[in-house]
Structure formats: C-alpha cells, structure tokens
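The values are calculated or read from the model by the stated rules, or taken from the named source; none is laboratory data. Fair warning: this is a prediction, and the values are worked out from it, not measured in the lab. No Cβ is skipped: glycine too gets one built from the backbone with ideal geometry, and neighbour counts run over all protein chains shown. Side chains included, ligands, DNA and RNA excluded: accessible areas come from the protein's heavy atoms. Shrake-Rupley method; radii C 1.70, N 1.55, O 1.52, S 1.80 Å.
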Amino acid sequence: MRNMEVARMDEPVAKRQKLANGDAKGQRKPGSSRLFAPYRTIGLVSPTSVPFTSVPLGKTTFQITTCVGRSLQTYDLRKGLNLVFITRPQTPGQITASIAWKDKVFGAWSEAGEDGARGAWVFKRGKKIADLEVPKGWRQDIKAFCCFGGWMVGVCDTTLLIWKTATNELYTTLQGVSPVHFTKCISSLPTFLNKVVVGREDGSAEVWNVSSGKLVYTVLPPSTSFGAVTAIEPTPALSLVAVAYQQGPLLIHDVRADQTVMQLNMSAGVAITSITFRTDGIGAGEDGQKPGVMATASSLSGDVTLWDLNEGGRKAGVLRSAHADPTPTTAGGISKIEFLPGQHTLVSSGLDNNLKTWIFDQMPFSPIPRILHHRGGHGAPITNLEFLPTSSDGADDTGKWLMSASQDRSLWGWSLRRDNQSQELSQGALQSKARKQGLLSGQSRDKLQELKCPPITGMACSLNRDGGMGAVPGNHGIWQNAKSGKKVDAEISGMTGWESVITAHQGDHKARTWFWGRKRAGRWAFPTSDESPVTSVAVDPSGTFAVVGSQKGGIDMFNLQSGIHRQRFPARLAPMQAKQLRIDLQKTGFEEERTEDGKKIFYRGQGKHGAAVVGLAVNNLNKTLVSAGEDGKVKFWDFNSGLLVHQLDWTASTGISSMRFHRAADLAAFACTDGCVRVVDISTHKLIRELWPSRPSLAELQSLTISDLTFSPDGHWIAASLSSIILLWDLPTGHLIDAFKLQTTCVSLAFSPTGEYLATAREGSVGVDVWSNKALFMHVPTRLIGKAELETIVQAQESQAPTASGEGGKALITLDNEDEETTEDEPLDLDLDAEPDIDQLSSDLLSLSMVPRSRWQNLLHLDLIRVRNKPTEAPKKPEKAPFFLPSLQDRQAAPGAATSSKDPRKTTGGAELEQERSQVLTQQHRQNGSREGLSDLLRSAAETGQYTEVIEHLKALPPAAADIALRSLFPSPSSGEMVTFVHALTWLLRERRDFELGQVWMARFLGVHGDIVVSGDAAGGDNDGDDGGEEEWGLRKAVEVWRGVCEGERKRVGRLVGYCAGVVGWVGRGRV
C-alpha cells in the first residue's frame, strides 16, 4: 500500500478545473475577442424610421423617446435633450413601434424572417418590467401603437391587438372583413368613448369600438386614386380628423357627420406621413394671435410645412431642410413631427439621425420657428476614425475625445464620458448661405450639399498649439488661401494658438484646417503643388507644420500659423541648380553614386513619388519625414532641407495601401496589398517585422485587403482590419494573439491614447463601436493563434458587436483567481446588473473591508472622543439679559413652578415623567438589543463553528454600539463568550478578510478586558487540544493562538512583498 502511494506521488499532478458556481466555464466562442469586450455604440440618436414618442413629465418638462435599433433612448427636454435612459435588455429583434404612456414606454419588436418571433415589452426608467401578452405563435409585426384611457391598441397587417394598460393582458383581437391590409396610421377620437380610427391601404378609414370589438363605421375616400392612408391625426376641434393620402390631398373630415370640412392640396409625389396641431391657442393670423396652426411633414422630404387653417386654410410658411438628405444616395426625410401639448415648441426627428426641437418666439412675428435644441450624429456611414492625441499641457481629457468623418461631409467630435458634449465641427453659416443663393428649394437640394466640404478621406491632429476656445480671436473667413486671407499678427496667434486638425477630402486638391478648441472650420485650405487630389495628410509633433501628399506623388509642407507654403519634397530646383545637376549626371554617365556603406546618393530635386502618397509622418525631433507611395516605395526625407535621404523599394513584391506611425517608438507600420503588415524602424531604415495572418495564408483571406491599421499607445500591439475580421499582433514576438469577427466590414479603427478603448467603424453603420481593453484590468492569455484556430474564427457564423445600451459588454474584473496560470481562453460570463461580491477577490490576498474608515477609527479612539466631547461646565443663565426677554430656562421652569404651588410634593408633571421614562427605556432597549444579539450569535457560533454571522453583526454596529457590545461580554466559564469572540477573530484572520476590522476589534477587546486575559482565570484553564474552537479552552490560550496566526500572516506578507520588490528591481535594472 505504501509503495502504491509513493508511485502516485511521483506521477504528475492532474490540473484542477476552474469552476464558477459549481459549473465548468465554457470555452471562448469562435468569432469573439480574447482581449476586447464590447462596451457601447455611440453616435445613434434617431437612425431608424420608427417615430419618436413623447410624454409630459409633470408640468415642467417632457421626455422624448427615440428608437436606435434594438433599444430605446429617452431624452429630457428641460435639460437640453440630455440623455437620461437607455432601455435594457435589448429586444431580441429590431423595434418596429414604440409609445410612451405615463411613466412607461412600450416597444414592439420583430425578429428577422417570417418565422421569427414577435413580441412587445414594457419599460420603466430604462428597465424592462413586463411583457405585453401576444397570441401564441404570432407572426405579424406590430407597426404602430395607440394608448388612450385604459386601452392599448397595436396595429398589425390584418389585425388589431387590444390590451388593458392596467394589467398588460391581451383583451381581444379585431379583424375586419376587408382583405386590404392596415397601414400604420391609427389615432384615438377625443370624446368618442373607446373609439379608434385606423387607415387601410385602399384609402378607407375605419372606426372601431375596442371595448365591444365592433366596426362602427368606415370613412371612404373621395376617390379611389388617392391611394393608401399615410397619416391620421385628430384636430383640437371635436369630431374633426385630418387624413392624408399617398397620392391625394389632405382632408379634414368630420367623423360624426361624415363630411369633408376642408381640403388642402399637397406637392405632387410627396405624401404626407406626419401631421400635428398646435394647441396653445396662438400662432395663426397675420400677427400670430389666432389659433389654428397645423404642421405637416413627409418621409420623402426634409421640409416642414406650416398651415394657417383660418378662412379655408393656406400655407403659412415652409421650414426648409429641417432634416435634409445626408448624401444624394442616402435618403433623409422626416419620420415624425409633433407640437408639444400646450407649448409653442415643435419636435422633429428625421432619417438623418437627428432629433431637433423648434420654438416659435421670433419678433416681429414669423410663422417659421428657429432651432432650440439639437441632438444628432452622422447621417451616412462613417469612413474615418481618429482619437485626439495627448496634448503637451497634461490635460485630464486624454482619451476622452474621438473624431469621426462620414460620407455626409461632416466631422464630429464624440465625448466618451458625456454624450451631451458631443458635437459637429461647424463649417460656417450653411443655412444662411443656402438661403441667399436660393438652394433650399426642392430643385436645388443637391447643390446644398456642395456648400459643405467634400467627404473626408484622411485626418491628422496635434494639440500642442491648440488654443482652445480663444484660438485666433475675431471673425475670419474659412478655408482661404494664405495670400488672400485675413492677416493675423504673429504675436497674437502665438499667444492664443491656432488650428490643430487637418483633413484630406475626396477628389479635392485642397487640404483643410480645423480649430478643435473652437469646434469650427479653420482659416486655411492648402492646395497641392501639382493640383492633384490630396491623398494623405500629417501634422508635425509641435503642431506648427502640416504636410500634404497628392495623388501624383507630390509632397508639400505648410505653416499652420500663417498658412504659407514652406517646403516641397523633393525640394524645388532653381534654374541654375537644375543645369548643374544635368552637367553632373553627364559626367558620371547617369550612374548611381553611392556612399561607402552602399547607400544611394540622391541629388536635390530627385526622389519624387511616382504614384499616390498614401501615408505621411514626421518623427519626434522634426528631423525626418517618412512617406509611403502606392507603388510600394518608402522614402525618408530631411525635414528641413527637403532632400531625400533613403528609400525602401518593395515595388517588385507588393504595393502599399496605408501607413501608421508610432512616434514614441519611431516605428512605422505599412499595410501592403499582399495582406502583410510590414514594420520599419525609422532611425535605422530597417524592416524589423513582417506580420502575416498565418503562414501559409488562408484561402479565405488571400483576396482580402487591409482596410485600416493602428498602433496601441505603448507600441506593443498592432491592430488591422481585413473585411469583417479584426487581427491583433504582438509586436515584440510577431505573434497573432487575437482575432475576432464583426457583423459587417470594418472600414476604420483607432486606439485611444490611454489604451482603454478600441473604436471601430462598420460599413453601412452611422454609429461608432467602442470596445474595452480587458488587458488593463485582468490577465488575458496572449498565446499564438495558429492557422487552424484562425480558420475556425474566419468561418464562424457568430460575430460580436457593441450595442447602444452597452448590454453586450462583459465584466472586466474576475471574481476569483487560480493558483496556476491557465492557457485556455475562458470568457467572462457575468451579469452586469448583478452586484459582484468584491469583499475578497482571492483567498491568497489579505483584503481590507468595505466598512467606512470613520466607523472603525472612531471605535479605536472612542475614549478620546468622549473626553473631547464632554462639556466643560453646566449651562448658565445669561447674567445681563434684557428684562423683557425671558430665558429658555424660565420657560421650562414655569409649568413646574405652577404645579409646585398647588402640590409641593409634585415637582414634575406626569406627562414629563412618562416621556423621560420612555427615553431611558428606549436607550436601554437599544443597548440590550446589541448586547443580547451578539451574545446569542456567539453562543450559536460556539456550537456550530460558523462565525460569519458574528462578523457581519459587528460590522453593522455603529462605534458606540460596538463598544457596548464588547464591554458586555460575559467572562463566565459556563458561557464562554469571550473565548468564542477571540476564536471568531482568529477565523477572520485565517480567512484573510476584513484585516483592519479584526485588528481594531481585538485592540478594543484587550483595552477593555486586558486584566482578565492577563489573569488567565477565565473560562476553564489551559487544556491542550487543536485550534478548532472548543469551549473549555482558556481565554489566554485563545489570545495566544490569535497572536500566532497574526505573526504567521505578517511573515507571509513580508515574503511576498520582498519577492515583488526583487522582481521589480530586476526588471528596472539596466542590463547589457
């Protein structure tokens, strides 16, 4: 038997499986990231066609809820459309309809496909609280909601679903005899009990009684050519309803009499999809003092038409381009407009991802409102991302701001901390220019886009000379030539700073500057010397010079302060220099001259790129300019003279599509057309790494090109995107350490300067996906991903993406550690809504408690606090009080004096005696409660050996109550309370939890009962035995055991600290 045991000891120990809640953790899903966790999606406000919904909040504000796909976002109007709630969890499918009712928001959702599930959820303050009951196996989308009284009506294709709002239960389903589908137009009829009017695609409008389930009446259209009903809205006048048709006029119809009261003709081809009425009783007439204002809008146009319904109705005005088309190929339009009840405020949301409020307060009176609040984002897919770099002043907003460019010709700055700080960088008074040039009419809508800069294809930034809000004060024209622009004194601009952002634009030969601090367009537009489109831009580290590369290979340098052209790469030759160069070349027979170490000598004027310049960068000392050509050549230029110093020629093997530079490490990464990322050391001009997804290459990746790449802030990682796959390499080892799959193609990505976030932009998306770097918070294995594993990731059907609500995110801190380092990837499967147990992260760590410091410090110094708080003398009556001002003591003594005059034996009233007696009893009850509670728990712990409840009870007591409980411990051998208390502290020390509390409780215990411990007469003598906590142990023996455990823990922590200090010293020591 002994030999068998020795043989087992020689065998390798089986590795323990890591468990969580008794279940083995699953492996990482193919397609998910090892190093990044989904955080959230920013930039989404109203990107879908689902109309917003509003509800009054008291009498002071309104809450407006918009749909962002599978979540709902609620904004508060009084706070300037500040985001207050995002619904969680996400719905299983896209939201098709929503409505706010009282303090709840209802959202209907539909999964993709005809066989997908459908449902409706109820949210309150952003959290799901209930489900609306739907028929079993329901497969029709809910297109619209209508709430009134105690009823909720949902419109489907052929059926109306009726719920009771009090219980959220399905009341009935209504289906007419007509085979024509319902449209999403529905409205209640004020003063008509339990009645709704619903539109159909044949132009009829049906009045239903939702309580009885009967079709009451059908309002037929005047003509069958009007088409489907596109909008229904009740007017402030009773029994009148406004009905709009797809190809006909807008009718105001009397439902009770079935007569048309008014007919308003609309623009041909633009169907009205939203109608609203102003209810504050003014706004119409010549002076705006009459009621009767109606506003209409269409999803096919970005204009809002305002009508005066007095005297037969007339068009009062048109609010042009309230929600214009972002691009000629991306439709804009308005999804809904609504006058807030009793207010002179109009709310509109559009398909351009914008939510706006308008106010009618212009003097003299104007029927056209002005903009009041605005929340928005990109209206077209995003093309470029760039985090703002770290500024030289050490500001605390590092990593906070993210810039993004889009096909809608806009440049946005996003705040990752506060959504309401995000805004678009201004390009001037575009609406005013368009109005003066007459570009706001429907025929000139495409020319309106031309007032904005062309779509941005590249950008660069340096904040070292950014002046913030005070940069270059005064009014200056935007994007001018330096020769024609307004001159600014160099001393003034030197004190205030200047532009800090430069952008390249699609098909444009000018690079434009921007003020980041002022969030507006800059003064200069830098043209290329060869008048070809700009393909790349860069800013030097000091923020003084901007470098522009062109499609024909030219490189020009400009001064950002003055806008003057300073250098050309290669440097321009004077006529005499060009003549001398020809003579020198004839002498050498056109042979290349080389230095002693074999490097080619380039003359002044030589070395221009023969293809488009796809990347530019300036090194940290402003000595070297690096440029990358589309033909595969990398050139190194002298920044001051413009001479070519060295070049790398990869023309025979590959081309270059983009370039990124890590200034701190002097490393440049080039995305090549053969699918490889090549890294070059700028100081030595050497190729140091070739990063391939796999060797040999996968067939699925051979046809893909790298769309973008970026360095991590410390230079250890390089991330690149191939179609929908994100690859991450470890630069020191050259290993591929992470790969994950997005839902669609990734067009741009960027690392934050702090390394906290990775931002990605997907094809067709107007939002920016932000990922959290898990390596900053926990240990993540970074082993090599082989070809087989990469092939599994590429072929995986599942993908990963952040969400607007942040629900897809993972907890970044694990709740337990292992004794041994794992080599397998184990994803965090934690609920963010659950409160994690963070009292102890690991049993190997000596943890402190979460109890406030003031509580245990006051217990330790309670005697000193009582001495300091003790009054020095009794209160005295003021000696020189005015005779007409009775003192408080006189008032308190007056009832007693009157009583004593009647009965000398009675000095205090019965009520006062009873009150004083109740106060004394209450105080004694509290003290006895804490004392008896601790005694009961100690007796129970002595029997079971479980001390958790004792510790939790002591942690909940305030300092004074804890002191009373410790003083009240009974030193009798029969009870053994003191011995059990010391055993509880010993157990707490062995568990390595709440270390400072255990020390304070023991210090207070020894301060109160130290004489009993020293005497050794309490509780039973000195019986030998184990340290399991038996009652017959002596108190002195128990304290000695506690001291031994404390000493052992001190030595263990000392060894760990010494080991860590040695490792840190070894790592920080210079090695040869």
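More than 30 Å from Thr330 (Cα to Cα) and crowded, with 21+ Cβ neighbours inside 10 Å, is that true of Ala231? So Ala231 does not fit the description; no. The C-beta contact set for segment 38-58 (first residue within 27 Å of Ala144 (Cβ to Cβ) and in contact (Cβ under 8 Å) with a residue 24 or more places away in the chain, second residue hydroxyl-bearing (Ser, Thr, Tyr) and assigned to a loop (DSSP other than H, G, I, E, B), distance under 7 angstrom, 6+ apart or interchain) comprises Thr41/Thr803; Ser49/Ser299; Phe52/Ser46. For segment 762-781, the tally of residues that are more than 25 Å from Ser748 (Cβ to Cβ) and either over 20 Å from the mean Cα position of the chain (by Cα) or open to solvent by less than 20 Å² (accessible area, probe 1.4 Å) (or both) stands at 3. Residues in segment 58-74 that are under 11 Å from Ser98 (Cα atoms) and either surrounded by fewer than 19 Cβ atoms within 10 Å (Cβ to Cβ) or of a type in the set (Gly, Ala, Ser) (or both): Ser71 alone. Among the residues making up segment 315-336, those that are under 26 Å from Ser765 (Cβ atoms) and assigned to a strand (DSSP E or B) are Thr327, Thr330, Ile334, Ser335, Lys336.
Looking only at segment 321-348, residues that are under 23 Å from Gly58 (Cβ atoms) and either among the polar types (S, T, N, Q) or more than 27 Å from the chain's Cα centre (by Cα) (or both) come to 9 in all.
Of all the numbered requirements in (1) modelled with pLDDT of 90 or more; (2) under 19 Å from Ser721 (Cα atoms), Lys774 misses one, and that requirement is (2). Right, Leu784: in a strand (DSSP E or B), in contact (Cβ under 8 Å) with a residue 24 or more places away in the chain and either touching a Leu at 6+ places or on another chain (Cβ under 9 Å) or surrounded by 18 or more Cβ atoms within 10 Å (Cβ to Cβ) (or both) or not? For Leu784, the condition - in a strand (DSSP E or B), in contact (Cβ under 8 Å) with a residue 24 or more places away in the chain and either touching a Leu at 6+ places or on another chain (Cβ under 9 Å) or surrounded by 18 or more Cβ atoms within 10 Å (Cβ to Cβ) (or both) - is not met.
Looking across segment 625-674, the residues that are within 23 Å of Val539 (Cβ to Cβ), under 37 Å from the mean Cα position of the chain (by Cα) and open to solvent by 10 Å² or more (accessible area, probe 1.4 Å) come down to Glu630, Ser657, Ser658, Met659, Arg660, Phe661, His662, Arg663, Ala664, Ala665, Asp666, Leu667. Look at segment 256-280: where a residue is within 21 Å of Leu220 (Cβ to Cβ) and a partner is open to solvent by 70 Å² or more (accessible area, probe 1.4 Å) and not in a strand (DSSP E or B), sitting 6+ places away or on another chain with Cβ atoms under 8 Å, you get Thr260/Pro222; Ala271/Gln246; Ala271/Gln247; Ala271/Leu300.
The set of residues from segment 272-282 being in a loop (DSSP other than H, G, I, E, B) and buried (at least 23 other Cβ atoms within 10 Å of the Cβ) comprises Ile272, Thr273, Arg278. Assessment of segment 165-173 against the conditions (charged (D, E, K, R), closer than 22 Å to Ser98 by Cβ and either buried (at least 16 other Cβ atoms within 10 Å of the Cβ) or within 45 Å of the chain's Cα centre (by Cα) (or both)) yields at least one matching residue.
The single condition from (1) within 16 Å of Ala97 (Cβ to Cβ); (2) touching a Pro at 6+ places or on another chain (Cβ under 7 Å); (3) aliphatic (A, V, I, L, M) that Val155 fails is (2). Selection within segment 965-982: residues that are touching a Ser or Thr at 6+ places or on another chain (Cβ under 8 Å) and surrounded by fewer than 17 Cβ atoms within 10 Å (Cβ to Cβ). The member of this set that is modelled with the lowest pLDDT is Phe970.
Among the residues that make up segment 198-210, is at least one of them open to solvent by 10 Å² or more (accessible area, probe 1.4 Å), under 37 Å from the mean Cα position of the chain (by Cα) and not aliphatic (A, V, I, L, M)? No, segment 198-210 contains no residue that is open to solvent by 10 Å² or more (accessible area, probe 1.4 Å), under 37 Å from the mean Cα position of the chain (by Cα) and not aliphatic (A, V, I, L, M). Taking the criterion of being surrounded by fewer than 20 Cβ atoms within 10 Å (Cβ to Cβ) and under 19 Å from Ile272 (Cβ atoms), the only residue of segment 322-362 that qualifies is Ala331.
Can Thr224 be described as within 25 Å of Ala271 (Cβ to Cβ), open to solvent by 70 Å² or more (accessible area, probe 1.4 Å) and of a type in the set (Val, Ile, Thr)? Here the answer is yes, as Thr224 does meet what is asked. Across segment 851-874, the qualifying residues are those that are among the β-branched types (Val, Ile, Thr) and farther than 26 Å from Ala956 by Cβ, and the one among them that is least open to solvent (accessible area, probe 1.4 Å) is Val867. Being at pLDDT below 90 and under 18 Å from Leu439 (Cβ atoms) is a property that Gly302 has.
Identify the residue in segment 75-103 that is of a type in the set (A, V, I, L, M) and within 17 Å of the chain's Cα centre (by Cα) and, among all such residues, is least open to solvent (accessible area, probe 1.4 Å). Out of the qualifying residues, it is Leu81. Residues that are of a type in the set (Gly, Ala, Ser) and at pLDDT below 95 were ranked within segment 485-506; the one that is farthest from Leu560 (Cα to Cα) is Gly485. The condition of being surrounded by fewer than 20 Cβ atoms within 10 Å (Cβ to Cβ), free of Cβ contacts under 8 Å to residues at least 60 places away in the same chain, of a type in the set (Gly, Ala, Ser) and over 22 Å from Ala144 (Cβ atoms) holds for only one of Gly312, Gly288, Gly292, that being Gly312.
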